[in-house]
């Protein structure tokens, strides 16, 4: 039985979220910026039409594109809207594979019979329901493999950029070869810049050129990845939609300071904030870490880092912060100017299988209870209800020397 797979892609997601918060932004050229307003990470179609490139630094873009509205990003708010979209998708199929904050694969095999409609009608209903109920515009591509579904969603988005109101696109079995003939090989998901150059060196310009190559030659050039790609382009499902994601290899959090710093107390407070965020993510995913890492970056972009193996894997701040503080103190040099600090959790495993030492049971359970209470307080009263690290008085803070970014 052939699988039927759809890729749901939220259009200009961060901009779409900002327009939910402020409807006056609709139909205006809008760009959303990365952390600390570093660079452009999301563009409205109007901004794209004006030529604003993805990833352009803000200090360049604001001078070059005077008519564009630039907004600071709000990742936590975007994540909340993303969760609503993903939960809505589960109303149609339990097999939803979330691959990023704004993309998910759906296994819709046989669901045309369940909903008593065609696949075309089904994906149009999904797109309409999400836009009407959540307020986010999406593109949906549908075919027989993840690669073709991704290609179909890009085709839908391309039509929308031309002003054609088409939220969905289907690549049926009879259309595969014709679609691949008019698709540059660089447009295929998984074909990076170097692979694109390599294939075009052998006169493979389109996806159709690629599927016509001998499998022995493809394997020699690209290995098993190349063979899998050929099968996917031919409409064979090599990579199934997996609703439960495998454990991530690590969870990290870092951010540049608003101003360069020499104050160890400020740096420690920022590190604690990152630890708390990572631990929240671990608890939410029911994971624990058996290794942690701390890094600091100087004004000159020199990086120091330390990894620590934990005897008892954990996801609680109170057990991690003392180790992280010691690591930071070992790396910190008085008088050195720093621009960022970061934290990683490594070697993750299922927290439900955690083995607690009989000598640490009371202390560990107490720390877990405090951490969960912390989460509940923030859910009720908002982030920042509990402060991190040492808080200096206003008089002391005014004496601290800070450095503005140049």
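Every number in this text was worked out from the coordinates using simple rules, so none of it is lab data. Since we're looking at a predicted model, the values are computed, not measured. Cβ: placed from backbone, ideal geometry, glycine included. Neighbour counts: every protein chain shown.
Listed values, structure above:
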quantity: For segment 127-213: relative contact order, % (alpha-carbon pairs under 8 angstrom, 6 or more apart); calculated: 22
quantity: Per-pair calculated FRET efficiency, R0 = 51 Å: residue 334 and residue 243 via Cβ, rounded to 0.05; calculated: 0.50
quantity: Protection proxy ranking of 143-152, 7-16, 255-264, 160-169 - average other beta-carbon atoms within 10 Å, highest first; calculated: 143-152, 7-16, 255-264, 160-169
quantity: Gained length - residue 63 relative to residue 36, 0.36 nm times residue gap less alpha-carbon distance; calculated: 8.0 nm
quantity: Residues in segment 317-347 that a label on residue 281 would reach, taking backbone N under 14 Å of a point 7 Å out along Cα→Cβ; calculated: 342-347
quantity: Shape of segment 72-186, Cα gyration tensor, a/c cut at 1.5; calculated: oblate
quantity: In nm, spacing of pseudo-spin labels at residue 212 and residue 305 (7 Å Cα→C-beta vector); calculated: 4.6
quantity: Per-residue Cβ neighbour rank within 10 angstrom, fewest leading, 85, 40; calculated: 85, 40
quantity: Relative contact order of the chain, pairs being alpha-carbon contacts under 8 Å that are 6 or more residues apart, as %; calculated: 14
quantity: Degrees separating the helix 264-284 axis from the principal Cα axis of the chain, which is the longest one; calculated: 50
quantity: Ranking of 319, 300, 232 by count of other Cβ atoms within 10 Å, fewest first; calculated: 300, 319, 232
quantity: Least to most buried among 206, 237 (fewest other Cβ within 10 Å first); calculated: 206, 237
quantity: Length added when fully stretched, residue 184-residue 326, from 0.36 nm per residue minus Cα-Cα; calculated: 45.8 nm
quantity: Mean separation of Cα contacts under 8 Å, 6 or more apart, over the residue count of segment 234-317: relative contact order %; calculated: 25
quantity: Crossing angle, helix 119-133 versus the chain [Cα axis fit, 0-90 degrees, rounded to tens]; calculated: 40
quantity: Gain in span if fully extended, residue 115 to residue 198, counting 0.36 nm per residue against the direct Cα distance; calculated: 25.4 nm
quantity: With Cα atoms, 0 to 90° folded angle of helix 361-381 axis to the chain main axis; calculated: 70
quantity: Shape category assigned to segment 19-68 from the gyration tensor of Cα positions, a/c cut at 1.5; calculated: oblate
quantity: The chain, helix-only ellipticity at 222 nm - DSSP H runs n ≥ 4, -39,500 (n - 2.57), divided by all residues, nearest 500; calculated: -12500 deg cm²/dmol
